[in-house]
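The values are calculated or read from the model by the stated rules, or taken from the named source; none is laboratory data. Just so it is clear, the model here is predicted, and its values are computed rather than measured. Don't worry about glycine lacking a Cβ; one is built from the backbone with ideal geometry, like all the others, and counts go over all protein chains shown. The accessibility values were calculated without ligands, DNA or RNA, using every heavy atom of the protein model including side chains. Shrake-Rupley method; radii C 1.70, N 1.55, O 1.52, S 1.80 Å.
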Amino acid sequence: MSRRPFALLSGQSPERASMLGSDPKKAILGEFEKYAHTLTCHIHTPKVPPPVARKVANAEAFQALIREYHERGYTVRLPEVIDIAPQLSEFTRALEFIFEKPVGVVIFWSEAGAAAPVHHDEIDVIVVQITGTKRWFISDEPATLPNVWKGIGEGPPPLGRYTTYDVEPGDLLYVPRGTAHTVQSTSESIHLSIGFVPVTVRDGLNAVLDHMADLDRNIRSNIGLRADNVSGGQDQNAIFEQIRAGLKKLSEQCQTDEFILQAMAKRRSRMVYDLPKLKSDKTTSTIHVNSKIKHNPLSISQLIGTADILDWCQPAEKILIHPGAEQALRFIAANVEFKVMDIPGELGDDVRIALVSRLITSGFLQAK
């Protein structure tokens, strides 16, 4: 990852081609209320302005709006479509579990002959071809791994030496961030662009700094002697010394592996919390010790324990639990399916049922 492009070609994966279900166009057009007014677009050489994205009344009107873009040569871009189909949601959640970073998804829908300008992305991209065919031109030069914000005064990158990839439904491409590329549609085409940035060294440094700020009040103090010192350019020596002193303390703390491990666990907990809330199952009244339980397909969690409390974090929710339930919670997190009676620990059955019921209500678990 993040080193060089790779391709899985020959259209041998019907599972990938069906990431939007059996009828991708119907799946997209059926979401007209959510996406019609959010459309963006791109084109290699614009000759006329694009249409204006707008709300539409039904799927037929959404199709007509997309046709307006295509007639002017533009490729349509549907942003933030991660939950448009269950298969896609589960695949992206798997990536979030593996890479420990949020994942975004964009759909590109273009007509034959449409082309994109040469560009690079600030995120790693997995491309999955859903319908039609495209030809990709991907630079062979090393990935530059740019920051996620645009460089000041940055122009389009040169393509340089490149490799050509012809993709068809079910094919997959991986393009590291900072790799120049362009693409041409060789037929009407729909593809997914799944974007993410794996945990970087910068993320690790931010994590240990955040952890240090939890432990050391000085790190949380205002910089300078007055709140306006930075903008006013005053007391700069005090500012310099505060930064140097903070870096020295941070360096000392990072000499222990445990400090870094704790910091990274907290970073993951924050990442999990920032994910969209799980849809809950309200059916808890029939739960008993013989009930079969399973994870929500989108379940992901992080458990951080202290002597006083357990911090169970799942998407958009934190639950504080007594330390005596740690063994039970680690079992629940590690087992996709189980019976309530299987939950270990010195707990009564009433506590096991209450714990499972709480996690069903929150959306993490489901009755099987």
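Scan the stretch 333-346 and give yes if some residue there is hydrophobic (A, V, I, L, M, F, W, C) and within 21 Å of Asp274 (Cβ to Cβ), otherwise no.
The answer is yes, given that some residue of the stretch 333-346 is hydrophobic (A, V, I, L, M, F, W, C) and within 21 Å of Asp274 (Cβ to Cβ).
Scanning for something open to solvent by 60 Å² or more (accessible area, probe 1.4 Å), in a loop (DSSP other than H, G, I, E, B), among the polar types (S, T, N, Q) and closer than 30 Å to Ala316 by Cα, does the stretch 227-250 turn up at least one residue?
no
Please enumerate the residues belonging to the stretch 82-104 that are open to solvent by less than 50 Å² (accessible area, probe 1.4 Å), β-branched (Val, Ile, Thr) and out of contact with any helix residue (DSSP H, G or I) (no Cβ under 7 Å at 6 or more places or on another chain).
Listed by number, the list holds a single entry, Thr92.
Of all residues in the stretch 153-182, count the ones that are β-branched (Val, Ile, Thr) and open to solvent by less than 10 Å² (accessible area, probe 1.4 Å).
Result for the stretch 153-182: 3.
What helices (runs of 4 or more DSSP H), lying completely within the stretch 22-103, carry at least 2 residues that are of a type in the set (Ser, Thr, Tyr)?
Answer list for the stretch 22-103: 86-99.
Out of everything in the stretch 282-292 that is open to solvent by 80 Å² or more (accessible area, probe 1.4 Å) and under 31 Å from the mean Cα position of the chain (by Cα), what residue ends up being modelled with the lowest pLDDT?
Restricting to residues being open to solvent by 80 Å² or more (accessible area, probe 1.4 Å) and under 31 Å from the mean Cα position of the chain (by Cα), the top hit is Lys282.
So how many residues does the stretch 1-37 have that are open to solvent by less than 90 Å² (accessible area, probe 1.4 Å) and either on the phi > 0 side of the Ramachandran plot or acidic (Asp, Glu) (or both)?
Of the residues in that region, 6 qualify.
Look at the stretch 293-319 and say how many of its residues are in contact with a strand residue (DSSP E or B) (Cβ under 6 Å, 6 or more places away or on another chain) and open to solvent by 50 Å² or more (accessible area, probe 1.4 Å).
Residues in the stretch 293-319 being in contact with a strand residue (DSSP E or B) (Cβ under 6 Å, 6 or more places away or on another chain) and open to solvent by 50 Å² or more (accessible area, probe 1.4 Å): 2 in total.
Can you tell me which residue in the stretch 38-51 is farthest from the chain's Cα centre (by Cα), limited to those that are open to solvent by less than 40 Å² (accessible area, probe 1.4 Å) and closer than 29 Å to Val197 by Cβ?
Restricting to residues being open to solvent by less than 40 Å² (accessible area, probe 1.4 Å) and closer than 29 Å to Val197 by Cβ, the top hit is Ile43.
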